[in-house]
Structure formats: structure tokens, C-alpha cells
Amino acid sequence: MWIVNHAADRVVLVNGSLLPLLAPLLPHLPTVEHVVVTGPGDRSLLDGAAPRVHEYEELIAGRPTAYDWPELDERTAAAMCYTSGTTGDPKGVVYSHRSIYLHSMQVNMTESMGLTDKDTSLVVVPQFHVNAWGLPHATFMSGINMLMPDRFLQPAPLAEMIEREKPTHAAAVPTIWQGLLAEVTAHPRDLSSMRQVTIGGAACPPSLMEAYDRLGVRLCHAWGMTETSPLGTMAHPPHGLTAEEEWPYRVTQGRFPAGVEARLVGPGGEHLPWDGESAGELEVRGTWIAGAYYNGVDGEPLRPEDKFSADGWLKTGDVGVISPDGYLTLTDRAKDVIKSGGEWISSVELENALMAHPAVAEAAVVAVPDEKWGERPLATVVLKEGATADYETLRAFLADEGGIAKWQLPERWAIVPAVPKTSVGKFDKKVIRRQYAEGELDVTQL
Ligand code: AMP
């Protein structure tokens, strides 16, 4: 509701299955003039609604297929998405015709997703999440078949769809691939048509990549943001390496394409070297990177200081290192780093190490206040169906197998039925921190 009102949307296109959610909101959406409905669903829910209601199929029936395209400046706004607003209100990012065109060309290049007209791409990303990662535009440009699973995002129908439709490429966040893995482990399916899978939106645990390697499916790690259209990096190893030599490259977030400039900035604002060791905040700029947000005060573009540098670079809020050959490794979101006694602990490193344990399905680690150290890690763990593990064993596993330093090992643990997720399927650490603060978690302290 906040987003529709901020964007002053005039038309809402909605699947009938979502009408029970939309109908009660309509009285609070004064700018909406038209609601266009597709698919099955109870239209009577919209009886008496202020906006005009249209059937999508009726609207397009009998329309001429040719369209008299207007001549537009390439920098005119073409689309808009909102950030997920895990801190503060969501912010609107406007994509121009130009930025979408250039981004689509990059997506299709071999150093990125390398899509050609021989591909079928399965896009398991909602369209409100960075235009479904730009894939509807990129696949259109290359004449590729695109599969969208509608509302059947659950592991079982997804596995069935992959076996039936045989996509050669797919894109989704790690939680979707985690769920699918559990499904095909229990009920084997042939997923091997997918010669390449783009996984991003959150860090991909190396253990997940290994598990898919065993299924003959190659996951390629990608990093991006709503503000970056989203393609920022992709982790294709350099050419000509053995599988073993490729591995350290595959588990990074990857390299920047030519259209994205990057720099690392230290706490004092100094620019850090790409030496694989100096950690700082990643800043980027480029032809498909936002230079401002939509509609600040009096309709002016919004350039908050914590999001844009004085010289116009986007401050990503992601912390990491870049190797001399240009591969980015993110250690955390700046706001998720655990600051323990003046030292930083990477929540992502702990999560990746935990998710490599055979009994663990998912793990999310957050900073919680600690009297002595300022902050300490709290590990929340989802066990695989039928699996058991005690906290001491998991903690020992982190040290022995995960190579985690002793002072970084969590002493607070909670087994949870599920990790809370955002609307696009990422771990919602804000919710976990709140649950902890309000005493909703059954925490054991070792
Ligand atoms: P959003 O705009 O909602 O897509 O969120 C963008 C944020 O997701 C980034 O700033 C990162 O913190 C996170 N993110 C995206 N891709 C990755 C990745 N491959 N590894 C780690 N974090 C990622």
C-alpha cells in the first residue's frame, strides 16, 4: 500500500487469486483508477470498488497487433521497482529505456548469463523484484522462451515443471534452490537440462553449489541490487581451469562486467586496494546503476548521503574484498556484520559453515546485544526433516570443519521451524532480531 501510494500508481494489474488481498486495500489507494484482472478468481470481491475493473482478456481481444510506438527520449522512465525496505521505507528506483536496453545486452553476453535463442529460461523471480532480474527484457531481446511458474513456486511443482519443460537456464534466490534440493533428494527428478542456473539476491552457500554439482546442475553466483537493475557481478571462473582450480572463483560473488565500475571504500572514506584482503564498503556506478531514488521532497530525485557518495557513486551497504583479478567476495551487509569487542564477525561465513552440516537445512545468524562484547552472534537453525543435532555438535562442527575461529563461535543457539523470509525469499534478519528482543525464541546459551 505504501509503495502504490508513493508511486501514485493509476493502474493495477492483478491475478484473480490475489483479489482477497487487494480488495480491502483499494479504499486506501486513492490514485488507482483502473484494476485489470487476469486468471481465475472471485470478481465479486471488487463490487462497489472505486476504480474501474477490467478483464485483461477482454481488454486485449480484437486489438490490432501493430502499435504506433511514440518517439521517446531513451532516457524517459520505462519501469520502476522498490527496494525491499529492510531499513526504513522502501525506495523507488526508476529504470529508463536506455538502462533497460543496455542491461539486457549485458545479461545476454557470455560473461553474464550467456542466453541465446536456443535457451529456455525459467524465471523463478517475482516481477516486482528488480523486473524479475531484467529477464523478461533480456529474453525478449534474444528471442528466448521464458517460463514463469505463476504462483506454483513450491518445490514439488517446480521440480515437476523443470523435468517436463526442460529449461536450459534458470534464475532464483538461494532459498528456492534450497527447497528444490530437499524435494529432489526425497523424490528424485531429472534437473540436468539446466546447464546454467543464476543464483543471487543473497549469498549462495558453497555446500548448496556442491550439492547441485552432484545433480549435474551448475549454479553460477551473481550479485546485484534493485539499484543495479540488478546485474552487478557474475562468478564465471577464468577460462581453462580444472574443476578444482575453478572452485575458489565460483564461491565468490564474481566479476564486474565492463559497464559496471566498482571501488571499495574504508571506514575513513579512503579507497582500498584490490588485494583480496582489504575489506570495505562496495560502491558502484554505471549505465544501469541508479544515481538517485524516485521522488524525494517536492518531486526532486532523492540522493540520501548514506546511499550516494558526494561524487555520485552508489553506496551498496555491502562489505567485502576484491581480488587482484577483480573477483568480489562479500563478507556481509554492513548492517548485518556482528561487531564483537571491536572485531567483526561475518554472519554469512557462519551461515555458510552451518549449512554445510548434513543435519542443517537452513541457518541464519544475527547480531544480538551482549553486555561484555557489545554484540555476539545468535545462530538460528532449521534442521532437515527427521534430522537431529545438538548445539555442542554444531558448534564443534563450525570450529573443526568450518574453520571458524574460536572467538567467533556463537554461544547463543535456537532451533526454529523456519527462517523468516522477505517477500522475495531472502532471510529476514530484522524479524529474527525482533523475535529475539521480544523473547519469542527458545534460546540456549552454551
Ligand atoms: P535487493 O535490492 O532486495 O535485491 O537487495 C540487494 C542486496 O541483496 C544486496 O545489497 C546484497 O546485500 C544482497 N545480495 C544480492 N546478491 C547477493 C549475493 N550473491 N551474495 C550476497 N548478497 C547478495
Next item on the list: Quick one: go through segment 67-82 and flag any residue whose amide nitrogen is under 20 Å from the point 7 Å out along the Cα-to-Cβ line of Asn5.
Entry: 81-82
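Working out 0.36 nm times the residue gap between Glu392 and Ala437, then minus their Cα-Cα distance, what length gain in nm do you get to one decimal? It would help to have the intermediate numbers written out before the result.
Details: separation 45, 0.36 × 45 = 16.20 nm, distance 2.37 nm.
Contour length minus the Cα-Cα distance gives 13.8 nm.
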Notebook entry, point to check: Over segment 281-423, what number does the Rg to Rh ratio reach, with both radii from the alpha-carbon atoms and Rh per Kirkwood?
Noted result: 1.07
Next item on the list: Any chance you could list the semi-axes, whole Å, largest first, of the equivalent ellipsoid that the Cα gyration tensor gives for segment 35-165, using √(5λ)?
Entry: 27, 23, 20
Next item on the list: Kindly write out, for segment 326-343 in residue order, the coupling ³J(HN,Hα) from the Karplus curve 6.51 cos²θ - 1.76 cosθ + 1.60 (θ = phi - 60°), rounded to whole Hz, with x marking Gly and Pro.
Entry: x, 8, 8, 10, 8, 9, 5, 6, 3, 7, 9, 4, 9, 9, 10, x, x, 10
Margin query: Using amide H atoms built in the peptide plane, which far-off residues or other-chain residues are under 5 Å from Leu147 H to H?
Written below: Ser121, Leu122, Val123
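Which number do you get for Rg(Cα) / (2.2 N^0.38 Å) in segment 269-350? Before the final figure, lay out the partial values.
Numbers: Rg = 14.9 Å, N = 82, 2.2 N^0.38 = 11.7 Å.
In units of the globular-protein estimate, segment 269-350 measures up at 1.27.
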Next item on the list: Mind checking which aspartates and glutamates have their Cα closer than 12 Å to the Cα of Lys430? Skip sequence neighbours fewer than 8 apart in that chain.
Entry: Asp336
Next item on the list: With a cut-off of at most 15 other beta carbons within 10 Å, and DSSP calling the residue loop, which chymotrypsin sites (Phe, Trp or Tyr not before Pro) in segment 69-141 qualify? Please list them.
Entry: Phe128
Note to self: Can you pull out the trypsin sites (Lys or Arg not before Pro) in segment 112-165 whose DSSP state is coil and whose Cβ has at most 11 other Cβ atoms within 10 Å?
What the structure shows: Lys118, Arg151
Next item on the list: Obtain the radius of gyration and the Kirkwood radius of the chain from its C-alpha atoms and give Rg over Rh.
Entry: 0.96
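Explain nothing, just the number: relative contact order of segment 237-368, from Cα pairs under 8 Å at least 6 residues apart, as a whole percent. Let's see the in-between values first.
Values: 208 pairs, mean separation 25.8, N = 132.
Value for segment 237-368: 20 percent.
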Checklist line | Phi to ³J(HN,Hα) by Karplus 6.51 cos²θ - 1.76 cosθ + 1.60 over segment 201-214, Hz, x for Gly, Pro | finding: x, 7, 5, 8, x, x, 4, 5, 4, 5, 4, 6, 3, 5
Notebook entry, point to check: Based on the Kirkwood radius over alpha-carbon pairs, what is the Stokes-Einstein translational diffusion coefficient of segment 77-333 at 25 °C with 0.890 mPa s viscosity, in µm²/s?
Noted result: 130 µm²/s
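Here are some pairs, Lys335/Lys429; Lys372/Lys429; Lys307/Lys372; Lys372/Lys406; which of them have Cα atoms lying more than 20 Å apart in this structure?
Numbers: Lys335/Lys429 10 Å; Lys372/Lys429 23 Å; Lys307/Lys372 32 Å; Lys372/Lys406 17 Å.
Beyond 20 Å between Cα atoms: Lys372/Lys429; Lys307/Lys372.
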Next item on the list: Apply the Karplus parameterisation 6.51 cos²θ - 1.76 cosθ + 1.60, with θ equal to phi minus 60°, to every residue of segment 49-55 and state each ³J(HN,Hα) to the nearest whole Hz, in sequence, with x for glycine and proline.
Entry: 5, 5, x, 6, 9, 10, 8
Notebook entry, point to check: What do you get for Rg/Rh of segment 2-60 when both radii come from the Cα atoms and Rh is the Kirkwood radius?
Noted result: 0.93
Check: To the nearest Å, what is the center-to-center distance of segment 376-446 and segment 148-218, using C-alpha atoms only?
Finding: 24 Å
Notebook entry, point to check: With point charges of +1 on the Cβ of Lys and Arg and -1 on the Cβ of Asp and Glu, referenced to the Cα centre of the chain, which listed residue (Ala66, Ala364, Gly439) lies farthest in the positive direction of the dipole?
Noted result: Ala66
Next item on the list: Give me the distance in nm between label points sitting 7 Å out from Cα along the Cα-to-Cβ direction at Asp73 and Leu272, one decimal.
Entry: 3.9 nm
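Laboratory data are not the source of any read-out in this text; all were calculated from the coordinates shown. Quick caveat: nothing in here was measured; it's all calculated off a predicted structure. A quick note on method: Cβ atoms are made from the backbone with ideal geometry, for glycine too, and the neighbour counts reach across all protein chains shown.
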